1. State the number of residues belonging to the range 85-114 that are under 13 Å from GLU48 (Cα atoms), out of contact with any Leu (no Cβ under 7 Å at 6 or more places or on another chain) and hydrophobic (A, V, I, L, M, F, W, C).
2. Given the residues VAL35, VAL49, VAL58, which is the only one that is modelled with pLDDT of 50 or more, assigned to a strand (DSSP E or B), under 18 Å from MET113 (Cβ atoms) and in contact with a strand residue (DSSP E or B) (Cβ under 7 Å, 6 or more places away or on another chain)?
3. Any idea which residue in the range 39-60 is surrounded by the most Cβ atoms within 10 Å (Cβ to Cβ), counting only those that are out of contact with any Cys (no Cβ under 9 Å at 6 or more places or on another chain) and among the charged types (D, E, K, R)?
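The values are calculated or read from the model by the stated rules, or taken from the named source; none is laboratory data. In this text the structure is predicted, and so the values were computed from the model without any measurement. Methodologically, a virtual Cβ is constructed for each residue, glycine included, from the backbone with ideal geometry; neighbour enumeration extends over all protein chains shown.
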Amino acid sequence: MKRIVFPAFALVIALVAPTRNPAVSAGPPVHEVQVVAKKYTFEPATLEVTAGEAVRLVIHSDDTTHGFAIKKVKVNVVVPKGGQQVTAEFTAPPPGRYEIACSEFCGLGHHGMKAELVSVAPPGGPTSR
C-alpha cells in the first residue's frame, strides 16, 4: 500500500503545484545599484540611470545613521548604522542631474555629504520632456 500511496501523492503534488511561465512573470528589468553611505560621502558619488527605467537602490551605512534623499524624485530613506540594507525604488526621472543629499545629521561634514543622480535619455528616445 505504501508503494501506491507515495506515487499517487507525488502525482497530486505535481498537478497542484503552480508552474511558472518566465514569459508571463518577467516584467521590465530593474536597474539595481548598491550604494554605501559613510562619513561624509556616498559611493558611488554619481548614479547613472536611463529615464523611464525602474530603479532600485540598495543602500547601507559603513558607520553611523545617515539619510539618503533625492527631493526631485521624492526619495527619502533613513539608512541605519550597523550595515542593515534599505531599498528605495522609483522610476528614473526625465534626463537631467538631480542632487542626492544626506537627510539625517551625521556629524560635522553632514552638509557636504552629497552625490548626484544623472538621468540620461534612452537610446533612440527623446532627449528631454
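1. 1
2. VAL35
3. Only one residue tops the list, namely GLU53.
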